[in-house]
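Student: The structure that follows is given in the form of structure tokens.
Where a number appears in this text, it was derived from the coordinates with a stated rule and is not lab data. Just so we're clear, the structure is a prediction, and the values are computed from it rather than from any experiment. Cβ coordinates were reconstructed from backbone atoms using ideal geometry, including for glycine residues, and neighbour counts include every protein chain displayed.
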Amino acid sequence: INPGNFYSEMNASLKSKYYMDKRFDFYVFYAEDTDAPKCYSSRTGYGLHLYQKEIHEKIKDAISSDSNYIQTIVVDNRLLLIRNLYTVSNYRKYGSLVLAMNTEALYKELPIEKVENLGILFGKDAEVLTWGSQEQVRTENIYNRLQEGMQTGRTEYLNKSHAGGFRGYAFGREEDAYPLFLIYAVKDSEFYQSLNELYRIVLVVALLLI
């Protein structure tokens, strides 16, 4: 197939699947053994030049890998889902797809009242994904304390910290391709309700990324 025709068909297919889907902000397609995106479209006006300046270098290791799992990377509070693509007949890698999830849409799906106090991590040392204002919570350094004490390699993980009238909780669960951690900081008076919510949120986030 002519490369130009292939990329045109690929872009048309991706646009029909993702451009009008409000769960995603933009998509990018890389052909195998090429450094520059071959297809790009943004629903939010986030231009290709900004993508190449702010994100491209940070996802190169993921798209150059041979993983067939969905890889998750947070860059500047954008959740990126990266999937390497393989042919069906001989399982040959022919490219990589990058999807940027709509952070606001993701958080609105979570069964929790105060989403602004919730941080999501895909790995112990990953950047924290947040939505809304967390200035008061962050001043207590609860996020940093909890992230420093995280442990991987366990089916489920729970840790807590306490400072300045706030309780912080980190709950982790090992998924097939990544460890999923939630960090949640709440006032002491809201402790019991919020702890139960953490278990539900982990399940919802895992399901949304399938």
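Student: For residue 114, go through the lysines and keep the ones whose alpha-carbon is under 28 Å away, minus same-chain ones fewer than eight residues off.
Tutor: Within the straight-line limit of under 28 Å, residue 114 reaches these lysines: 22, 124, 160, 187.
Student: Going by Cα centres, the stretch 53-124 and the stretch 4-44 are how many Å apart?
Tutor: 15
Student: With a/c under 1.5 counting as rounded, go ahead and sort the stretch 1-100 into rounded, prolate or oblate using the C-alpha gyration tensor (a ≥ b ≥ c being the square roots of the eigenvalues; past the cut-off, prolate if a/b is larger than b/c, else oblate).
Tutor: In terms of gyration-tensor shape, oblate.
Student: For the stretch 1-87, run through the GluC sites (Glu not before Pro) and keep only the ones in DSSP coil with at most 16 other Cβ atoms within 10 Å of their Cβ.
Tutor: Sparse-neighbourhood loop GluC sites (Glu not before Pro): 32.
Student: Further question on the same structure: Dipole of the stretch 1-122 (Lys/Arg Cβ +1, Asp/Glu Cβ -1, origin at the Cα centre): which of 29, 96, 7 lies farthest to the positive side?
Tutor: Highest projection toward the positive end goes to 7.
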